[in-house]
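Undergrad: Got a structure here, written out as structure tokens. Questions coming.
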Amino acid sequence: MVVALDKIDRKILEFLIEDGRASFSKIAKETKLTDVAIKKRVERLKMRGVLQGISAKLNLKSLGYENPIFVLLRTELSKNKDVIKKLQANEYVIELYQVLGEYNLLAKVVLPSLDQAEKFIEKIGLIDGVIDAKTQVILSELKNKVSLPAQVFQKKL
């Protein structure tokens, strides 16, 4: 279901995308509403599923992890759910997607060192139902946009 956003909802989302810790009073001042009105709107955005939470963006290298690795997996369709459960349980898999194409799963993986990548891929290959795995190491991040296209915020009522 598509949720209709008014001008103020879009403005609130812009503030929260820019700074997830922006206070209701700061947003209220900029939108000329009260803190209480902003709080109610944020709660409504959460209830309607537009705002699913606000999280921190971590610098993985500062925490001792190498650049992420994307792993494309081809699985036996009859065992796909079991493979998914095992990947979801793996602490190094930070994102997991079901995709269309030659491969049917895409995992984003972070490891303490690239030396561990070979062992990790071997371990994944041993999961019952995995037919093939292909890896791509991220060399550098060129764009990581956590917001929506500008059209969403410029949409006329």
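The values are calculated or read from the model by the stated rules, or taken from the named source; none is laboratory data. Note that the structure is a prediction, hence the values are computed from the model and not measured. Here Cβ is always computed from backbone atoms with ideal geometry, including for glycine, and neighbour counts include all displayed protein chains.
Undergrad: Which ones in segment 86-117 are exposed (fewer than 11 other Cβ atoms within 10 Å of the Cβ) and part of a helix (DSSP H, G or I)?
TA: If the condition is that a residue be exposed (fewer than 11 other Cβ atoms within 10 Å of the Cβ) and part of a helix (DSSP H, G or I), then Gln88, Ala89, Asp115 are the ones that fit.
Undergrad: Then there is this: Tell me which residues, restricted to segment 18-30, are buried (at least 16 other Cβ atoms within 10 Å of the Cβ) and under 23 Å from the mean Cα position of the chain (by Cα). Working first, answer last.
TA: So the first thing to find is which residues in segment 18-30 are buried (at least 16 other Cβ atoms within 10 Å of the Cβ), and the list is 22, 24, 27-28.
Across segment 18-30, the qualifying residue is only Ala22.
Undergrad: Restricting to segment 75-85, and then to whatever is in a helix (DSSP H, G or I) and not β-branched (Val, Ile, Thr), can you tell me which residue is nearest to Val109 (Cα to Cα)? Quick ask: steps written out before the conclusion?
TA: Just the residues of segment 75-85 that are in a helix (DSSP H, G or I), to begin with: 77-85.
From the residues that got through so far, the ones that are not β-branched (Val, Ile, Thr) too are 77-82, 85.
Values: Leu77: 22, Ser78: 24, Lys79: 21, Asn80: 19, Lys81: 19, Asp82: 18, Lys85: 15 Å.
Restricting to residues being in a helix (DSSP H, G or I) and not β-branched (Val, Ile, Thr), the top hit is Lys85.
Undergrad: Of these, Leu58, Leu45, which one is surrounded by 16 or more Cβ atoms within 10 Å (Cβ to Cβ), at negative phi and either part of a helix (DSSP H, G or I) or modelled with pLDDT under 95 (or both)?
TA: Details: Leu58 fails: surrounded by 16 or more Cβ atoms within 10 Å (Cβ to Cβ).
It is Leu45.
Undergrad: Return only the number of the condition from (1) exposed (fewer than 15 other Cβ atoms within 10 Å of the Cβ); (2) part of a helix (DSSP H, G or I); (3) of a type in the set (Asp, Glu) that Asp9 does not satisfy.
TA: Going through the list (1) exposed (fewer than 15 other Cβ atoms within 10 Å of the Cβ); (2) part of a helix (DSSP H, G or I); (3) of a type in the set (Asp, Glu), Asp9 breaks only (1).
Undergrad: Additional query: Quick test of your reading of the structure: Leu72 fulfils all but one of (1) farther than 23 Å from Lys145 by Cβ; (2) hydrophobic (A, V, I, L, M, F, W, C); (3) in a strand (DSSP E or B). Name the failing condition by number.
TA: (1)
Undergrad: Among all residue pairs at least 6 apart or on different chains, which show Cβ distances below 9 Å where the first residue, located in segment 85-96, is in contact (Cβ under 8 Å) with a residue 12 or more places away in the chain and in the same structural domain as Val71 (by TED's automatic domain parsing) and the second is part of a helix (DSSP H, G or I) and exposed (fewer than 11 other Cβ atoms within 10 Å of the Cβ)?
TA: Pairs found: Leu96/Gln88.
Undergrad: Of all residues in segment 90-106 being touching a strand residue (DSSP E or B) at 6+ places or on another chain (Cβ under 8 Å) and hydrophobic (A, V, I, L, M, F, W, C), which is nearest to Ala117 (Cα to Cα)?
TA: Out of the qualifying residues, it is Val93.
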